[in-house]
Amino acid sequence: DGLIGPELHEKLLSAEKAVTGYTDPYTGRKISLYQAIKKDLVSNVHGIHLLEAQIATGGIIDPVTSHRLPINVAYQRGIFDEEMNKTLSDITLDSKGFVDPNTDDELTYAQLKDRCLTDPETGFYLIPMTDGEKPKGVENLIHDESEAREVFENTTVDLPEGTLGGKSMSIWEILNSEFISEKERLKLTREYQSGKITRERLVVVIIEIIQQVEIRRGYEMISTFRSQITAEQLYSSKIIDLETLNMLKGKKITVREVCEMESVRKYLFGTGAISGIYKCPGKEVFNVYEAMKKGLLKAELAHSLLEAQAATGFMLDAVKNKRLNVDEAVREALVGPELHDKLLSAERAVTGYRDPYTGNIISLFQAMKKGLIAKDYVLSLLDAQLVTGGIIDPEYSYHLPLEAAYQRGYLDRETYSLLTDPTEGSRGFRDPNTEEPMSYSQLMARCKVDKNTGHRLLTTDMGLIFKGLRKQITLEQLMASGIITSSVAEKLQAGDVTVDEVSDSIKKYLEGTSCISGVFVEASKERLSIYQAMKKGMIRPGTAFELLEAQAATGYMIDPIRNMKLTVNEAVKLGVVGSEFKDKLLSAERAVTGYRDPYSGALLSLFQAMQKSLILKDHGIRLLESQIATGGIIDPQFSHRLPVEMAYKRGLFDEEMNKILLDPGDDTKGFFDPNTEENLTYLQLKERCMVDSDTGLCLLPLKDKKRERKTSSKSSVRKRRVVIVDPESGKEMSVYEAYRKGLIDHQTYTELSEQECEWEEVTISSSDGVVKSMITDRRSGRQYDIDDALSKGLIDQGSLDLYRSGALSITEFADMLSGNMSGHRSRSSSVGSSSSYTSQQSSPMRSHMVTWSDPLEETGPVAGILDTDTLEKVSITEAMHRNIVDNITGQRLLEAQACTGGIIDPNTGDKYPVTDAVGKGLVDKIMVDRINLAQKAFNGFEDPRTKTKMSAAQALKKGWLYYEAGQRFLEVQYLTGGLIEPDVPRRVPLDEALQKGTIDPRTVQKLRDVGAYAKYITCPKTKLKISYKDAMDRSMIEEGTGVRLLEASSQSTKGFYSPYNMSGAGSAAGSRSGSKTGSRTGSRRGSFDATGSGYSMSFSSSSYTSSSYGRRLAASVPGGKEVSQSLSTPLYNPDESSSLNQTQLLQVPMM
């Protein structure tokens, strides 16, 4: 009736909903004005004005019952509250949303109503108007229509090149041309007349409009799954590059060719959602809704799959191979009408949600941010969109790359992190067979692709589910793994055999055979868990840990008393194992549950983790061997064991590793028999076990050691054998064989022979009842009385307790009794200063009690190798090429450089990134992948979701870096001056890192326990295993460059004795160089004479003290006298062109 103009229609319809009710976009329920305000469907200010009008005219309106309510009843129904009432009662400018047209006063609705007159005929309230009042709503025009037309006709525009290129047209002609729509023409004219835009700005806007039109006309529009876009939009979305865009414009490539590019197609049309169900028995295909109706799918899962289809573009008919929108799907009975509203809501994830106040189209994520949709629901739909091509742009209906989605506000990094985090991410879907919650991508991975239609079909096994180690397994998965044959599967599907019967026949692969579950004490006939036996002193901690670790790596921790299988966390909680083992056992448990690739996030098996250096090779071999001994390699993806052939096929094992495990050499004998003190493979140790008749568990019998001691027999035997390796043939030989072949001289033969021993502990009972414990070398006949050593102070009670608990081996203990501390020093912190040297000689048991302080200054890692035969500095890589150091040691030394700043050129001291180091010959290409992880420990690990950088310590905590590698990097950083954080320009002390939460107290304790560092380096001089701290102890610092070098002899690596092979401070276990005089231990020559070469090199000895590295020592260090005696010829000093005599040489400063 013309009561209001059409321009107000939309706004007044929105206001009318305060009476009829607003619709909740998610639930579909009718809600009141107040509830709409709370859900941000109506802005707070606008809503308050409408509420105030309702109260002023009788009360809050309940849209459900369509009448007004008293305030107290409105409170009870949740359509008003006291806080809002207070807001409305506070007569401030905020609540004065109305204006008196006569006075321009800002008023509340009640105040404005009070100023009104009541019409006596109708009773309506009318605002009295004064004569001069002019409505504010009338727009003041600066130019009338004739003035505007005159300006438009007289203003000429030089158009850019294109369809109208070269022409000059007036604004009037352009506004009335085909380039400007009627709507745009009216808008621009009105804006000019009201003064909102100037003539100059109008020209710019017109040119922009023409350019956009010409772009669209310049080449074909590109179709998406529901709309069309231009190539410019593809470029701005980073779907195509500039080169492709220019080729399209130049007609060098067609739109069709661009659309067929795989990198483009997935964004235009998506990759397709899960379309239907494939029923194994019968090999039938069903649509999701049909499968639900037939009972093949639970309603909850079916609804989530259908919503995922709607939210990714179309409802999918896997039987008829059709794509439909929701309305069409309901009409064609692809889905039932009861799901219509729910699926229309999900479809808005594609078409866009309408902001109820602004009327703008907003995306799924934006609707969530405005509270229009529940967060969990949105995460499930976004998860489906990401998996099927990317977040959907609702305006143009195509998928966006992540960066474009971020820029347009369709996603933020926090939400993306939630969607992609494998541990905390969205798990809004379930496997129809196992009921396991999972993400859409995980569910998609379990689908099979229909060869004819390309539809992704979810397989259901109709109850044919098997119990794996940690997950349920489907029949199809077992068939794919080659564990169940097709004939057995047919019998299962026909009901001829049951799941339980088949499970019993393949138990080896589903559960495995028993691991070593506990011990059986023969004397008391008692069953104990491994941990209980350790606590009672029956087995050593090291032996106990190896057995517990094997349990974790083969499926479960075992409680042999209660016959329970437990996860590591459960075992710690129930006290089956102690909390001190928890971290390492959790790491071993990943051999079952899978390791996470820090780069791709993919789930890796134990073998794959070894290949990527996420765990140490020796450690991994031990765990692999225990898996094979208990049934086979575990596939963590499907949680069952595999036949060897299938393990090969899936890349979880290889021929080379099989050969290593089949060869029962020392490398694979990672387990210890506590009865005989032999090193064995896990299989060999298991063969010595008994089977508990009650539980069927494998128990290790423990002999009665007390009875053996009474008969004076051995209680433990440990051998130390020296092996010489011929570098030409790679053959191992004994010391005597090497001497006979002339590979070593007599002095070296004598020294190495002295190091070979076969220790045993014997308990002797005399006739008077006195019992003595003796440590005897069965080779040489040497004997040491433990009680006598205690009384003479050669050892203390603490050291004896360490030996008895298993913390010290019998070989190390024998070294202490003999006065040779090197064996024990390999376990504890060695102190290389002159003062500490003296104290160690006088009281060898003190070294493990040395107080350690955090390094205060930054120092360099081992930069290279000093060949003491040629006096040549060589890089680590060159040392590997010359066989001076082995490949594993070389890799670890390069890792240490990379994680502290870069690969070092030992000749200059310069550091280079790994890629640059390859070009300079400091790193081989094959080594790049192996040490890239270490470089990230310096540069920072980039989280692919948040793009933030984490330190090695943070990456270790988040699981991006695994324990063994992370611990190595942290140890090296700590030893060289402090931890490295990517956003901190200096080294970070442990206490500061602890305060910031970067590391935890337990890690701090481990880093400060330098004596317990893992020995993963083979000393290039002694060929014995040492820790990185030991390597720094034994290194020398070159004066001038400050480069740290590790000594080695290129001749000794080939079996020849070198007169320059000196024992450094903290020499390796068993080293007896200079034992005849006692002067060489702990010494280093300050200079080396290259006789006849006219060349000398000066180095300073490096050692650790409790407070710093590289402290300068006086010239009278132990061994200094020998240095002066050994150099009978003068040395040439190239800097001063003069010779130095022995006395002057001793005055050369040494660190």
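Spacing of the modelled spin labels on Thr155 and Asp991, each 7 Å from Cα toward Cβ, amounts to 7.3 nm. The phi torsions of region 468-481, fed into the Karplus equation with coefficients 6.51, -1.76 and 1.60 and a -60° offset, translate into couplings of x, 5, 10, 9, 7, 10, 8, 4, 4, 5, 5, 5, 5, 8 Hz, rounded to whole numbers, with Gly and Pro shown as x.
Taking other C-beta atoms within 10 angstrom as a stand-in for reagent exposure, Glu257, Glu589 fall in the order Glu257, Glu589, fewest first. A straight Cα-to-Cα reach below 17 Å connects Lys322 with the lysines Lys451, residues fewer than 8 places away in its own chain not being considered.
Using the Cα coordinates of region 862-1048, the gyration tensor eigenvalues translate into equivalent-ellipsoid semi-axes of 27, 18, 15 Å, sorted from longest to shortest.
Computed from phi, the 3J(HN,Hα) profile of region 518-529 under the Karplus parametrisation 6.51, -1.76, 1.60 (θ = phi - 60°) reads x, 10, 10, 7, 5, 5, 9, 6, 9, 9, 9, 6 Hz, with x in place of Gly and Pro. Counting every other Cβ atom within 10 Å of each residue's Cβ, Arg527, Arg986 order from fewest to most as Arg986, Arg527. Global dimensions of region 514-702 from alpha-carbon coordinates: Rg and Dmax equal 16.1, 53 Å. One equal scatterer on each Cα of region 6-95, no solvent, Debye formula: the resulting log10 I(q)/I(0) at q = 0.15 Å⁻¹ is -0.54. Region 506-531 and region 384-399 have Cα centres separated by 54 Å. Both radii were evaluated on the Cα set of region 272-462; the Rg over Rh quotient, with Rh as the Kirkwood radius, amounts to 0.96.
May I ask you to sort Thr312, Thr859 by Cβ crowding, counting other Cβ atoms within 10 Å and putting the fewest first? It would help to have the intermediate numbers written out before the result.
Details: Thr312 28, Thr859 17.
Lowest to highest Cβ neighbour count: Thr859, Thr312.
Counting 0.36 nm for each residue step from Ala15 to Asp983 and taking away their Cα separation leaves a gain of 343.2 nm.
A straight line joining the Cα centroids of region 21-69 and region 977-1036 runs 64 Å.
Bear in mind that the values in this text are calculations on the coordinates, not laboratory data. In this text, all values refer to a predicted model and were calculated from it rather than measured experimentally. Don't worry about glycine lacking a Cβ; one is built from the backbone with ideal geometry, like all the others, and counts go over all protein chains shown.
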